[in-house]
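Nothing in this text is a laboratory measurement; each read-out follows from the coordinates by a stated rule. Predicted model only: the values in this text are computed from it and were never measured. No Cβ is skipped: glycine too gets one built from the backbone with ideal geometry, and neighbour counts run over all protein chains shown.
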Amino acid sequence: MRTETANEIFLRVVRHLIPRGDAPSLQVRFRPFAGLRLNARYDRESKCILANLSDILRDAPPEVMEAVATTLLWKMYGKRVPRRANKLYRRWVNSPATQDKMLIARRTRGRKHLLPPCGRVHDLEALFDLLNRRHFGAALRKPALGWSLHAARRQMGHYDPAHDAIVINRALDRSGVPRMALEYVLYHEMLHLKHPVRLQGSRRCVHTPEFLAEERRFPGYDEAQRILQSLQPWP
Ligand SMILES: [Zn+2]
């Protein structure tokens, strides 16, 4: 039996949504996005639903494509997306094979924007080496390090596995920010190098219990949290 194309699956879902009225025409397009993006909108001019899907979805199994169609179209028609569709899609997204494809797409198509590690006040390279010796027996390999382009209000740092880079919020590169707060943020991101993401059912657990236990062992953990909460306003 021939498998349905993405377009046919989307049409079937939209006909199910509008059983009596005139179902609009529809076009599914696969795009080389850097991430797993998907969107759908109704184009008044052509009277056509245009769905743009990341080309990572091209090889998705039919039941996943149906879940994607359901998610996008039900949302478009203002209906609540069935949980089953959501769960099916999430399970596929979080599967190791899909995660690998996403990583490769981001690495090859996306660019990492970051400022050099040597900031106005702090040098992330030196700080990384220091923390690596102090907390990890100098066993961690060094990823790319840099300051974020903009001062962020909430995100203090992140580790990006696609570009193997730790990016620290440049709002922390100020003399008024206690150094231990910055050390704690970098320490947290370094723990991501040590503790890989774990799959729990259809969910990805980024901060595993082992990760959190080790994070709490940071000397001055509570103090660092308090300082980070009170840091405001941003420059
Ligand atoms: Zn984290």
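Taking 8 Å as the Cα distance limit and 6 or more residues as the minimum spacing, I'd like the relative contact order of the chain as a percentage. Let's see the in-between values first.
Details: 298 pairs, mean separation 31.7, N = 235.
Reported relative contact order: 13 percent.
Could you pull out every one of the lysines with an alpha carbon less than 19 Å from that of Lys79, ignoring same-chain neighbours closer than 8 positions?
Lys87
Suppose only helical runs count, i.e. DSSP H with n ≥ 4. What mean residue ellipticity at 222 nm does that imply for the chain under -39500 (n - 2.57) per run, divided by all residues and rounded to the nearest 500 deg cm²/dmol? Working shown, then result.
On the way: 8 runs with 99 residues, N = 235.
Taken over the chain, the calculation gives -13000 deg cm²/dmol.
Would you look at the GNM of the chain, springs on alpha carbons closer than 10 Å, and say which of Tyr77, Tyr159, Tyr187 moves the most?
In the Gaussian network model the winner is Tyr77.
When the chain is treated as a GNM, springs tying every alpha-carbon pair under 10 Å, which of Met65, Met102, Met76 comes out with the largest mean-square fluctuation?
Evaluated over the chain, the most mobile residue of the options is Met76.
Where does each of Arg174, Arg217 land when they are ranked from fewest to most other beta-carbon atoms within 10 angstrom?
On the way: Arg174 16, Arg217 9.
Result, fewest neighbours first: Arg217, Arg174.
DSSP loop GluC sites (Glu not before Pro) in the range 32-131 with at most 14 other Cβ atoms within 10 Å of their Cβ, which ones?
Those that pass, being in a loop and sparsely packed, are Glu45.
Rounded to the nearest 0.05, what FRET efficiency do His158 and Thr5 give with R0 = 25 Å and r taken as the Cβ-Cβ distance? Could you check? Walk me through the intermediate numbers first.
Details: r = 37 Å, r/R0 = 1.49.
Plugging the Cβ-Cβ distance into 1/(1 + (r/R0)^6) gives 0.10.
List the aspartates and glutamates whose Cα lies under 12 Å from the Cα of Lys142, skipping any in the same chain that are fewer than 8 positions away.
Result set, ordered by chain and number: Glu125, Asp129, Asp164, Glu189.
Once you've got the GNM for the chain with C-alpha springs shorter than 10 Å, pick whichever of Arg58, Arg37, Arg154 has the biggest mean-square fluctuation.
Greatest mean-square fluctuation among the candidates belongs to Arg154.
From Cα pairs below 8 angstrom and at least 6 apart in sequence, can you work out the relative contact order of the range 156-227, rounded to a whole percent? Write down the numbers at each step before the final one.
On the way: 57 pairs, mean separation 19.3, N = 72.
Answer for the range 156-227 is 27 percent.
Cα axis of helix 179-194 to longest principal axis of the chain: angle in degrees, 0 to 90, nearest 10?
Computed tilt is about 50 degrees.
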